[in-house]
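Here is the structure we will look at, set down as structure tokens.
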Amino acid sequence: MTNPTFGEKIEGVTYKNRYGVYAVIPDANHENIILVQAPNGAWFLPGGEIEEGENHFEALKRELIEELGFSAEIGTYYGQADEYFYSSHRDTYYYNPAYLYEATSYQEIQKPLEDFNHLAWFPIDEAIAHLKRGSHKWAIEAWKKQHQI
């Protein structure tokens, strides 16, 4: 089975690999999902780049503390979704394999380390509409299917 792929891979363009891990984090009633808004205004699932020597869980644990101040129980792995995009902010083309998980529960344990992001809870379909990356939308659709929402 091939991975779902989003964005367009342009012939003759060199892409920088950026491996990321992200989580769908619902509220206790499975009615809202938390998103992170970057300083440029774009909305994303919580998570980010996997650093050298980290596995998925270590990277996700670190990113959730940095972005949300949360610790979380990680549940279902939805899979890898590939994304091709151009970052005008970094003037770079990226190939971004995203590894996507569900958080089954979370706990706010501290203030986020990154204080420049905006955090907000959205009703599920509104969250999907806000997201910039197709791979992140795909993860919420997989979560909805799993929970029959």
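The values are calculated or read from the model by the stated rules, or taken from the named source; none is laboratory data. Because the structure is a prediction, the values reported are computed rather than measured. Cβ: placed from backbone, ideal geometry, glycine included. Neighbour counts: every protein chain shown. Each accessible area value is taken on the protein alone, full model and side chains, heavy atoms only, with ligands, DNA and RNA left out. Shrake-Rupley method; radii C 1.70, N 1.55, O 1.52, S 1.80 Å.
Assorted remarks:
- For the chain, the longest principal axis of the alpha carbon atoms and the long axis of helix 134-146 meet at an angle near 40°.
- Straight-distance candidates among the lysines for linking to residue 61, with alpha-carbon spacing under 16 Å and chain neighbours fewer than 8 residues away dropped: 111.
- In loop segments of the range 1-89 as defined by DSSP, the trypsin sites (Lys or Arg not before Pro) with at most 14 further C-beta atoms inside 10 Å of their C-beta are 9.
- Choice from 52, 114, 31 with maximal GNM fluctuation in the chain (Cα, 10 Å cutoff): 52
- Mean residue ellipticity (222 nm) of the chain, computed from DSSP H runs ≥ 4 via -39,500 (n - 2.57), nearest 500: -6500 deg cm²/dmol
- Counting only protein heavy atoms and a probe of 1.4 Å, the accessible surface of the range 1-129 is 47% carbon and sulfur.
- Dividing the convex hull volume of the alpha carbon atoms of the range 44-92 by its residue count gives 113 Å³ per residue.
- Nearby aspartates and glutamates by direct alpha-carbon distance to residue 16 (threshold 17 angstrom, same-chain neighbours under 8 apart not counted): 8, 49, 51, 52, 82, 83, 91
- Angle between the chain longest axis and helix 56-67 axis [Cα atoms, degrees, rounded to 10]: 70
- Residues of the chain: accessible area per residue with a 1.4 Å probe, Å²: 55
- The local environment of residue 115, defined by Cβ-Cβ distances under 13 Å, has a net charge of -2 under the rule Lys, Arg +1 and Asp, Glu -1.
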